[in-house]
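A.B. asks: Can you keep this structure in mind? I'll have questions shortly.
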Amino acid sequence: MGQGHAHRLYVSGGSPVHRLPPQCKLVALLAFVLVVVATPRERIWAFAVYAVLLAAVAAVARIPYGLVLRRTMIELPFVAFAFLMPFVATGERIDVLGLHLSVNGLWGAWNILAKGTLGVVASVLLAATTEPRLLLLGIERLRTPQLITQIATFMLRYADVVTAELGRMRVARAARGFEARGPRSAGVLARSLGALFLRSYERGERVHLAMVSRGYDGRMPVVYDVGATPAQWSAAAVLPLAAGLVALTAWMIP
């Protein structure tokens, strides 16, 4: 698999977290998220401990907390409906700051926000410490079908190419005096999207022919191995094991 390009989400560094093989980090992330989801929502202290664990990972990886916080904002559109739950849920109600809110709705909103935020932060740390090309290699090492990883590889490689092509088309329209103003511009924009599809399809055909002429047989050549040692698996297991102990304690304490 080719070297590819560093993604804008990746933060270059040489920390122990950066050096861990991607498959180890992927399994650790999945295990951590499963533990967080399985934790009873009433154990607020447990979620605080999970946040401390993620803060420790960010500190070891030397990822600025401000950067993590800014990237976590991406979840706001997806969890916005959680803020409506206290108003629309049924059951016992209480007054909070003059608002008549549902108790079940408050717990439901907290459950979504706490678990969703922890999962997003963990994903942000994974993206900040692992290059996308290595993530794909890690997924392949976890026995994911090669067809899926190859499709993801091409999407990663050519998303910027297609975006740049779209930008050039926008500049070309502007140079000819076009400016999108209201529904009347829909026809021009639709034809532009059609042209972009045709150009992308033709580029894909040319790339495929070029790959076949160079010996492509359905498998991408691997030029960088991401094997993991038992010590690296053990290091990656620290986060989910610590979270598992917290969750076990949360279940045992009434």
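A.B. asks: Per-residue accessible area for residue 253 at 1.4 Å probe radius, Å² rounded to 10?
C.D. replies: Roll a 1.4 Å probe over it and residue 253 shows about 80 Å².
A.B. asks: To the nearest 10 square angstrom, how much accessible area does residue 85 have with a 1.4 angstrom probe?
C.D. replies: 50
A.B. asks: If I model a spin label at residue 172 and residue 59 as a point 7 Å from the Cα along the Cα→Cβ vector, what separation in nanometres do I get?
C.D. replies: Computed distance between label sites residue 172 and residue 59 equals 5.4 nm.
A.B. asks: Now, a different point. In whole angstrom, note down how far apart the Cα centers of the range 101-123 and the range 139-217 are.
C.D. replies: 37
A.B. asks: Additional query: Considering only 190, 114, 128, give the residue with the highest GNM mean-square fluctuation for the chain, with springs between Cα atoms whenever their separation is below 10 Å.
C.D. replies: Among 190, 114, 128, the largest mean-square fluctuation in the Gaussian network model of the chain belongs to 190.
A.B. asks: So if we plug the beta-carbon distance of residue 241 and residue 155 into 1/(1 + (r/R0)^6) with R0 = 30 Å, what FRET efficiency do we get, rounded to 0.05?
C.D. replies: Numbers: r = 34 Å, r/R0 = 1.12.
For R0 = 30 Å, the calculated efficiency reads 0.35.
A.B. asks: Same structure again: For the modelled label position 7 Å from the Cα of residue 99 along Cα-to-Cβ, which residues of the range 35-72 have backbone nitrogen atoms closer than 11 Å?
C.D. replies: none
A.B. asks: Using a cut-off of 13 Å between beta-carbons, work out the net charge of the residues near residue 149 (Lys and Arg +1, Asp and Glu -1, residue 149 not included). Could you put the intermediate results ahead of the total?
C.D. replies: Working: positive: 133, 141, 143, 157, 219; negative: 140.
Here the charged neighbours net out to +4.
A.B. asks: In degrees between 0 and 90, to the nearest 10, how far off the longest principal axis of the chain does helix 186-213 point, with axes built from Cα atoms?
C.D. replies: With rounding to tens, the tilt is 80 degrees.
A.B. asks: Here's another thing I want to ask about it. Compute and list, largest first, the equivalent-ellipsoid semi-axes of the chain from the alpha carbon gyration tensor, each √(5λ) rounded to a whole angstrom.
C.D. replies: 40, 31, 15
The values are calculated or read from the model by the stated rules, or taken from the named source; none is laboratory data. Keep in mind that this is a model prediction, so the values were computed, not measured. FYI the Cβ positions are ideal-geometry reconstructions off the backbone, even for glycines, and counts take in every protein chain you see. Note: accessible area is taken over every heavy atom of the protein model, side chains too, but ligands, DNA and RNA are not part of it. Shrake-Rupley method; radii C 1.70, N 1.55, O 1.52, S 1.80 Å.
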